[in-house]
Structure formats: structure tokens, C-alpha cells
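Student: Pasting in a structure now, in C-alpha cells, and then I'll have a few things to ask.
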Amino acid sequence: MSDAKLFAPARAGAIELKNRIVMAPLTRNRARPEDDAPIELHAEYYGQRAGAGLIITEASQISPQGKGYAWTPGIHSDAQVEGWKKVIDAVHAKDGKIVIQLWHVGRISHPVLQPGGADPVAPSAIAANSKTFDGTQFVDTPSPRALERHEIPGIVEDYRKAAENAKEAGFDGIEVHAANGYLIDQFLRDGSNKRSDQYGGSIENRTRFLKEVMDAVVAVWGADRVGVRLSPFSNANDIADSNPQETFSHAIRLLNGYGLAYLHLVEGQTGGPRDIPEGGDLAALYALFEGAKMGNNGYDRDLAINAVHSEAIDLVAFGRPFISNPDLVDRLASASPLNALDPETLYGGGEKGYTDYPTLAESSVAA
Ligand SMILES: Cc1cc2nc3c(=O)[nH]c(=O)nc-3n(C[C@H](O)[C@H](O)[C@H](O)COP(=O)(O)O)c2cc1C
């Protein structure tokens, strides 16, 4: 089968990509501890990976309350905007494109990570059977406080402000993180959303928060520079829904109305099996969406070539392979072997396991 299409230019809304290979969002916990700002090291890391048609940054909190892990970057302060400018410059200097993933973790946090030691917030006061890293150790995520209805517009405003900051920094667009069991996903699913007001109960109500966030960020950017990530069949962070096919069909129909840059789906369990549970139909979800479709999870070269060739999806996001292969696109193009991933250096630390993975050319010099 011809591999040409994977390496040919493409569009995602108003964003022009030099190929169809996307760097998936990857949390690496290396922001400056004092202010959660990206540093020079981030610029080097993302710049090394600018061969991607599009880079989606690691999830970045829209507010101090949106933070759920130690040393993740934010996009809510001037220092953070300044840090991101250096990252963007490094990617643009190599003719790459980069969007930032906007994140509010909801209940996947801990009081030690929250302003004033407050309880994390969520649609309902239901704890996730999950863990987070507080800077010293892994800790259970405790029971969150259910958001008061009057607090919700403030969080939507935080998304809007973060979108504005992203624009000021010079990103090519934004991705709304509505996947993997974080705040928006917690609203979408009936396992974590037991609200009795207009944000809970019916599917219309459970998608209301997503809609309000989309309205806010699209007003800042225009829809054709906004993407959304969903993980309909993933149980990441203990998320559950009685009928994901129905919930996400509704969500995608709603998203369709905007004319977004792309829809990004995690296919199966995030970072795990690509299997879709009984009653689930991934192709049917993709078929509902009229814009560019981005797929992720467990892709390798053959799967990616097939997926774009068959037009199942338009863009393929690679996560772990981009961690250990800064020159992933070149390696895929030449069907070269990939560097192995070091699981010990994923979260936190410095350049080891971050900016020191060799390119193919560097490996052959060393050999
Ligand atoms: C170290 C690490 C960090 C991740 N951080 C994020 C993140 O910030 N946002 C997100 O949506 N997904 C995140 N994910 C999930 C990846 O984007 C991706 O869905 C997953 O790794 C499966 O794709 P892959 O098989 O190509 O690695 C992370 C995964 C890993 C391994």
C-alpha cells in the first residue's frame, strides 16, 4: 500500500500541516516549580519534534484550580505565556505547527496541589479511584467538592482567558481536553455526573458544560483553529458511562455545529488496548463528524498508513513514539527502527529521557 498520503500535506481547519503525523499531548512534569512556566528545556524538546505536521502540547492548566499533578505547565499567567512563546518560536523556526491542550482536571487532583489547600472540584462529590503525583509521592485522589451552579461560569471564563493567553503567546490554535476522565469528561458521563440542575441528568444537560466551553474558546479563536479531544471508550481515571455510544454521538453532533479544526479521538483505552467495548462503534462516531478526523492510540507505521489511506481518519497522533523519537516522521518515512522508551524518565526530571533521545543520524554517528 502506498505510504505517500501519510507524509503529504493536509489541513485541519485553518491549520496547514506539512504531513498527517501529529504529536499527541504528553504530560512530562518538567515545568518550573515556582510558577508552572515552561522553560528553555521545553523549547528544545518541542523544537526537536517539529517534524510533526502538528504538535499538541502537554495538557496545560487553565487556572490554578485546574491543576492536578506536580510540575505541569499552565496558561493562566504572564510568566507562563512568556515561557510558551519560546516553545512556539522553536517550533515555528523549523516550520512546525503547535496547538496547546487546555486542561482542567476536576476531581483528579489533591488539596496539596490546589490553591489554599482546597478540595478539588467536580460535577458531583464522587471520588475517582485514581492517583496523582503531588511532587513527593503518589497519592489517592480524594472525594471532590461538587461545584455550585454559580461557580460554573467562572470556570468557563477561565477557559476563555486561557484561550486568549494562548493566542497572545502565538500558538496556531488550541485543543480542548475533553478526554481521559478530566473535568469536561466528568460532566459528560453519567458515572461522575449526578447533578440535578441543568448540567446533569439528560445528555443535553451533561454536554452543556462542553458547549459553554466551546462557545467561549471559539469566540476567541474562530472554530477553524480549535480542536477537541474525546476518549469515548476509555476508562482512564476511573471514568464511566452507562452508554458511551449515545453520550458521545450527542457530543459529536453538538461539536459538528461549530466547524472545528479537527476532532481527536482516543481509540480504545488510553495507552492500552485499542478494543472497543460491546455496543460501541468507533467508525459510527467518526462518521458523524464533518471536519478533519484525528485518531490516536497504539498506532504504528502500518496502522497509520492504512488508516489514512482508507480514509478512516485524516490525521494520526502518536504519543509514546514521539517521546523516544524526536525525528519520528523521518524514521516512519524511511521505515527505520525506533528508539525504545525509558519508562523511568516519563514524569519529572530534566533533560534525561526528555531531550537526549538520539535522532537516527546521531545514532549512526555513535555506532
Ligand atoms: C507520559 C504520557 C503523558 C500523557 N499526557 C497526556 C496529556 O497531557 N493529555 C492527553 O490528552 N493525553 C495524554 N497522554 C495520552 C497520550 O496522548 C496518548 O493518548 C497515549 O499515549 C496513547 O497513544 P500512543 O499509543 O501513541 O502512545 C499521555 C500519555 C503518556 C504515555
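The values are calculated or read from the model by the stated rules, or taken from the named source; none is laboratory data. No experiment lies behind these values; they were computed from the predicted model shown. In this analysis, Cβ positions are derived from the backbone assuming ideal geometry, glycine residues included, and neighbour counts consider all displayed protein chains. Just the protein is used for accessible areas: all its heavy atoms, side chains included, with ligands, DNA and RNA removed. Shrake-Rupley method; radii C 1.70, N 1.55, O 1.52, S 1.80 Å.
Student: Quick test of your reading of the structure: Val139 fulfils all but one of (1) closer than 20 Å to Lys211 by Cα; (2) in a strand (DSSP E or B). Name the failing condition by number.
Tutor: So Val139 meets the others, but not (1).
Student: Could you tell me which numbered condition Val266 fails, if it satisfies all but one of (1) within 16 Å of the ligand (Cβ to nearest atom); (2) β-branched (Val, Ile, Thr); (3) in contact with a helix residue (DSSP H, G or I) (Cβ under 6 Å, 6 or more places away or on another chain)?
Tutor: So the condition that Val266 fails would be (3).
Student: Can you report the number of residues in region 103-127 which are within 16 Å of the ligand (Cβ to nearest atom) and either open to solvent by 50 Å² or more (accessible area, probe 1.4 Å) or in a loop (DSSP other than H, G, I, E, B) (or both)?
Tutor: 5
Student: In addition: Condition test on Asp158, is it within 16 Å of the ligand (Cβ to nearest atom), in a helix (DSSP H, G or I) and modelled with pLDDT of 95 or more?
Tutor: For Asp158, the condition - within 16 Å of the ligand (Cβ to nearest atom), in a helix (DSSP H, G or I) and modelled with pLDDT of 95 or more - is not met.
Student: Between Gln245, Gln137, which is open to solvent by 10 Å² or more (accessible area, probe 1.4 Å), without any contact (Cβ under 8 Å) to a residue 12 or more places away in the chain and out of contact with any helix residue (DSSP H, G or I) (no Cβ under 6 Å at 6 or more places or on another chain)?
Tutor: When all the criteria are applied, what remains is Gln137.
Student: Another question about this same structure. One residue is enough: does region 69-80 have a residue meeting the conditions free of Cβ contacts under 8 Å to residues at least 24 places away in the same chain, among the aromatic types (Phe, Trp, Tyr) and more than 12 Å from the ligand (Cβ to nearest atom)?
Tutor: No: zero hits.
Student: Just name the residue that is surrounded by the most Cβ atoms within 10 Å (Cβ to Cβ) out of those in region 192-209 that are without any contact (Cβ under 8 Å) to a residue 60 or more places away in the chain and not in a helix (DSSP H, G or I).
Tutor: The selected residue is Thr207.
Student: Out of curiosity, is Ala4 away from the ligand (no atom under 12 Å from the Cβ) and either at pLDDT 95 or above or of a type in the set (Phe, Trp, Tyr) (or both)?
Tutor: Considered against the rule, which asks whether it is away from the ligand (no atom under 12 Å from the Cβ) and either at pLDDT 95 or above or of a type in the set (Phe, Trp, Tyr) (or both), Ala4 comes out as no.
Student: Same structure again: Look through Ala52, Ala43, Ala59 and report the one residue that is more than 16 Å from the ligand (Cβ to nearest atom) and of a type in the set (Gly, Ala, Ser).
Tutor: Ala43
Student: Same structure again: Starting from residues that are away from the ligand (no atom under 12 Å from the Cβ) and open to solvent by less than 30 Å² (accessible area, probe 1.4 Å), keep the ones in region 321-331 and report whichever is farthest from Ser364 (Cα to Cα).
Tutor: So the residue we want is Val329.
Student: Still on this structure: Output the residues belonging to region 351-367 that are surrounded by 14 or more Cβ atoms within 10 Å (Cβ to Cβ) and not in a loop (DSSP other than H, G, I, E, B).
Tutor: Leu360, Ser363
Results for (1) crowded, with 22+ Cβ neighbours inside 10 Å; (2) more than 15 Å from the ligand (Cβ to nearest atom), shown as yes or no for each residue.
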{"position": "Asp172", "(1), (2)": "yes, yes"}
{"position": "Ile184", "(1), (2)": "yes, no"}
{"position": "Lys211", "(1), (2)": "no, yes"}
{"position": "Gly222", "(1), (2)": "no, yes"}
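Student: Can you tell me which residues in region 148-168 are aliphatic (A, V, I, L, M) and open to solvent by 10 Å² or more (accessible area, probe 1.4 Å)?
Tutor: Selection gives Val156 alone.
Student: Test of understanding: among Gly259, Gly298, Gly280, Gly348, which residue is assigned to a loop (DSSP other than H, G, I, E, B), in contact (Cβ under 8 Å) with a residue 12 or more places away in the chain and near the ligand (Cβ under 10 Å from one of its atoms)?
Tutor: Of Gly259, Gly298, Gly280, Gly348, the one residue that is assigned to a loop (DSSP other than H, G, I, E, B), in contact (Cβ under 8 Å) with a residue 12 or more places away in the chain and near the ligand (Cβ under 10 Å from one of its atoms) is Gly298.
Student: What about Ile100, is it within 23 Å of Phe187 (Cβ to Cβ) and either open to solvent by less than 10 Å² (accessible area, probe 1.4 Å) or in contact with a Pro (Cβ under 6 Å, 6 or more places away or on another chain) (or both)?
Tutor: yes
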